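Enquirer: Please read through the structure below; I'll follow up with questions.
The values are calculated or read from the model by the stated rules, or taken from the named source; none is laboratory data. All values reported here derive from a predicted model rather than from experimental measurement. Heads up, the Cβs are rebuilt from the backbone with ideal geometry, glycines too, and the neighbour counts pull from every protein chain shown. What goes into the accessible areas is simple: the full protein's heavy atoms, side chains included, and nothing from ligands, DNA or RNA. Shrake-Rupley method; radii C 1.70, N 1.55, O 1.52, S 1.80 Å.
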Amino acid sequence: MNSPILELIYKAENTHNLNKDEIVCILANDEINEKLFNAADRVREKYVGNEVHLRGLIEFSNFCTQNCFYCGLRRDNKNIQRYKLEPEIIINFARKAASYGYKTFVMQSGEGNFYKLEEMLYIISKIKKLNVAITLSIGEKTEEEYKAYKEAGADRFLLRIETTDKELYKKLHPEMSHENRINCLKTIKKLGYETGTGCLIGLPDQTLESLADDILFFKEIGADMIGVGPFIPNEEAPLSDEKTGSFELALKVMAITRLLLPDINIPATTAMETLNAEGRVIALKSGANVVMPNVTEGEYRALYKLYPGKICINDTPVHCKSCITGKIEALGRTISKDYGFRNRKQIK
Ligand code: SAM
Ligand code: SF4
Ligand code: FES
């Protein structure tokens with residue numbers, strides 16, 4: 001053992017526990033990042049194996065009533081062509097993608113009641129009939145709504161906390177409540193969804209201490225899935241002139257998350273690939289075991305513009321599936337053929 005940081009990585013790999021100061025120490029030191037990534041890769045292999053789960057992402061509407069300071073879909077962005085796909089189109093995207101072998105879909109949109117509850121339930125129940133698992137990523141809802149989606153067939157819900165730093169959260173979402181976001185996550189968990197959360201990396205004024213809190217929050221809330229992505233400034237959002245988040249730091253937060261929550265599902269995020277052409281492959285070698293290829297068709301890919309430089313905007317679902325399959329197989333890993341639920345393991 002030749003460095004205190006290496007000792008901390010060793011401790012995390014073997015006990016799956018670190019305190020806040022220890023996490024900050026690893027985040028602050030970049031000398032042995034490779035050791036951290038390799039440790040996360042070993043823990044990934046030991047607990048979730050070599051299969052990679054593909055979740056087909058359907059970006060079904062870019063209307064949003066929220067106004068998050070980083071996001072291109074925010075309500076006050078007038079320089080965006082809004083769309084809202086008809087239920088039959090959404091179901092058809094899912095049907096086609098299921099025929100290419102997808103066993104899970106992530107239905108994502110801006111927040112708000114742009115679809116009536118009955119419409120959402122209809123879409124969910126129709127897609128469920130394709131014999132797939134369904135993840136929703138549609139923001140903050142009431143308990144009754146979350147319950148109704150679950151009963152219609154939704155299995156998982158993704159709601160990033162974005163940051164656990166309450167002051168920073170308030171600055172970036174002046175009209176939203178951090179407390180409500182946490183309560184939504186608790187409700188989602190209580191209702192029996194597989195619960196996904198995560199954070200943005202490199203927000204202005206975000207500290208390493210707050211990133212350590214984010215990781216500890218993931219553990220505390222009992223997350224089943226964690227998505228971590230670098231913040232990428234959007235020219236049409238208030239944070240347009242801020243610095244882009246660091247790919248390396250996002251990778252480190254992801255890797256530490258794998259060490260502390262060894263058996264959860266962790267995607268190699270699209271935002272990582274936006275900043276680094278091999279971002280998803282690097283993430284898959286540093287703790288990730290999930291990829292979410294886009295199965296939305298046509299112009300909607302480009303219109304769902306959270307940030308500039310989004311990958312795959314001119315590609316088709318068939319092309320993306322074969323592209324990502326090739327990259328995964330080149331790593332010596334295989335594509336999972338099941339629904340990709342969290343397989344809880346005894347942590348030792
Ligand atoms: N509206 C839902 C919500 O906010 O939970 C789901 C869709 S939202 C577009 C999905 C995620 O996109 C957010 O949780 C946020 O972390 C991420 N995102 C938004 N703007 C971003 C940006 N400029 N850079 C990186 N990620 C961004
Ligand atoms: Fe809307 Fe989600 Fe973007 Fe916030 S992050 S503006 S809620 S789409
Ligand atoms: Fe879309 Fe590679 S995953 S082109």
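Enquirer: Only one of Ala330, Ala288, Ala268 is open to solvent by less than 10 Å² (accessible area, probe 1.4 Å) and more than 22 Å from Tyr70 (Cα to Cα); which? Break it down into steps so the answer makes sense when it comes.
Expert: Working: Ala330 fails: open to solvent by less than 10 Å² (accessible area, probe 1.4 Å); Ala268 fails: more than 22 Å from Tyr70 (Cα to Cα).
Sole residue among the options that is open to solvent by less than 10 Å² (accessible area, probe 1.4 Å) and more than 22 Å from Tyr70 (Cα to Cα): Ala288.
Enquirer: Tell me, which residue of segment 252-281 that is touching a His at 6+ places or on another chain (Cβ under 8 Å) and not aliphatic (A, V, I, L, M) is farthest from Lys310 (Cα to Cα)? Please lay out each step first, then the result.
Expert: In the first step, residues of segment 252-281 are kept if they are touching a His at 6+ places or on another chain (Cβ under 8 Å); the result is 259-262, 265.
Filter once more, so that each one left must be not aliphatic (A, V, I, L, M): 262, 265.
Working: Pro262: 29, Asn265: 23 Å.
Out of the qualifying residues, it is Pro262.
Enquirer: Follow-up. Is there any pair with a first residue in segment 1-26 that is of a type in the set (D, E, K, R) and a second that is open to solvent by 20 Å² or more (accessible area, probe 1.4 Å) and in a loop (DSSP other than H, G, I, E, B) whose Cβ atoms are under 8 Å apart and which are 6 or more apart or on different chains, and what are they?
Expert: Glu7/Met1; Lys11/Asn17
Enquirer: Across segment 299-348, which residue is farthest from ligand 1 (Cβ to nearest atom) among those that are in contact with a strand residue (DSSP E or B) (Cβ under 7 Å, 6 or more places away or on another chain) and at positive phi?
Expert: Step by step, filter segment 299-348, then rank; the result is Gly340.
Enquirer: In segment 229-251, is there at least one residue being open to solvent by less than 20 Å² (accessible area, probe 1.4 Å), in contact (Cβ under 8 Å) with a residue 40 or more places away in the chain, more than 28 Å from Pro308 (Cβ to Cβ) and not acidic (Asp, Glu)?
Expert: no
Enquirer: Further question: Of all helices (runs of 4 or more DSSP H) completely enclosed by segment 231-348, which ones contain at least 2 residues that are closer than 29 Å to Leu8 by Cβ?
Expert: On the way: elements: 247-260, 270-275, 279-284, 300-303, 317-330.
In segment 231-348, the matching helices (runs of 4 or more DSSP H) lie at 247-260, 270-275, 279-284.
Enquirer: Keeping to segment 14-42, report how many residues are part of a helix (DSSP H, G or I), within 19 Å of Asp213 (Cα to Cα) and open to solvent by 40 Å² or more (accessible area, probe 1.4 Å).
Expert: Selection size over segment 14-42: 5.
Enquirer: Could you tell me which of the residues Leu117, Leu168 is away from ligand 3 (no atom under 16 Å from the Cβ) and surrounded by fewer than 18 Cβ atoms within 10 Å (Cβ to Cβ)? Walk me through it before giving the result.
Expert: Working: Leu168 fails: surrounded by fewer than 18 Cβ atoms within 10 Å (Cβ to Cβ).
Within the list Leu117, Leu168, the selection yields Leu117.
Enquirer: Looking at Lys35, is it free of Cβ contacts under 8 Å to residues at least 40 places away in the same chain and basic (Lys, Arg)?
Expert: Details: free of Cβ contacts under 8 Å to residues at least 40 places away in the same chain: yes; basic (Lys, Arg): yes.
Judged against the criteria, Lys35 is a match.
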